[in-house]
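Here, each number is a calculation from the coordinates, and none is a lab measurement. As the structure is a computational prediction, the values presented were derived from the model and not from experiment. No Cβ is skipped: glycine too gets one built from the backbone with ideal geometry, and neighbour counts run over all protein chains shown.
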Amino acid sequence: MARISLKSCHRLAVSAAKAAGRLLNGFRGRELAVAYKGAVNIVTEADRQAERLIAEMIRKVYPGHIIIGEEGGEMAPPLSSTAREPIWFVDPLDGTTNFAHGFPFYCVSIGVEVDGRVVVGVVYDPVRRELFSAVRGRGAFCNGRRLRVSSTEKLDQSLLVTGFAYDIRTSRRNNVGHFFHFSLRCRGVRRTGSAALDLCYVADGRLDGFWEMNLWPWDTAAGSLIVEEAGGRMSGFDGRPYDLRVPELVASNGRIHEEMIGVLRLGDRIDPRMVGEPEKMTGKDGRA
């Protein structure tokens, strides 16, 4: 591992996330200039200004480090895990659509990777002023309170969360089928619009599990470490160890993880013959 002070990186990530959060809050109630990166994928001036602020703060302290931001502020090879310098994965505004509509659920996410492992994760919710953070091997916290995942034992007692990618209108793999299958097998499924906060809510036991596809490293770097340090489990859809550069993710309290993997094995497809007849899919006892 490259020689680096995790304490200093954590301190900087916290300062940068809070500074970006204050900047984002300054845009609340103002008319925003919105640009489109796709049919429904938008970016605002707030995203760009927040990313520029974070990048400037990092460069001032660590000029040689690599910064990979969602809005492309400074792009090194984005999928390389062999970089010789630490990589900062920055999502300056996770939940842009929420933010643009005045829906108060969004955050700033900053993760630091060293030698292929995320070692620092910070997620800041400027609306609720909740700072979620973790340093590898030292636990996860929210505003100084230690985080622990939930103790829910079974999927049918669980509250889950997911999201849908911006290409939902055009991709045949769009998570709608998975949403259908899980909805028949758990207590409820939420869709909040911020993967980083979803992961933090799993870490804090507010939610029991999360799955999503078509994610980028800046979406999950910070939150994945926070879940792990809170005692949760991370993996791919196939149950293999979580890989930051594979765009499919399952996070849970660990207890319901195998059940979640089992549901994902059903595939992202809805059989129209099953709609309205869940007993054919779940069995008489309601279980998968």
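Give me H178, H65 ranked fewest to most by other Cβ atoms within 10 Å of their Cβ, as a rough exposure proxy.
Details: H178 25, H65 20.
The fewest-first ordering by Cβ neighbours comes to H65, H178.
Using the 10 angstrom Cβ neighbour count as an exposure proxy, how do K7, K154 rank, fewest first? Before the final figure, lay out the partial values.
Working: K7 11, K154 14.
Placing the least packed residue first, the sequence is K7, K154.
Lys and Arg at +1, Asp and Glu at -1: add these up for the other residues within a Cβ distance under 13 Å of A16 and post the number. Intermediate values should be presented prior to the final figure.
Values: positive: R11, K18, R22, R52, R59, K60; negative: E51, E56, D91.
With Lys, Arg at +1 and Asp, Glu at -1, the neighbours total +3.
How large is ³J(HN,Hα) for each residue in segment 235-243, as worked out from phi by the Karplus curve 6.51 cos²θ - 1.76 cosθ + 1.60 (θ = phi - 60°), to whole Hz, x for Gly and Pro?
The phi angles translate into 7, x, 4, 8, x, 5, x, 4, 10 Hz.
Could you list Y106, Y62, Y201 so that the one with the fewest beta carbons within 10 Å of its beta carbon is first and the one with the most is last? Please list the in-between numbers first.
Details: Y106 25, Y62 18, Y201 22.
Fewest-to-most Cβ neighbours within 10 Å comes out as Y62, Y201, Y106.
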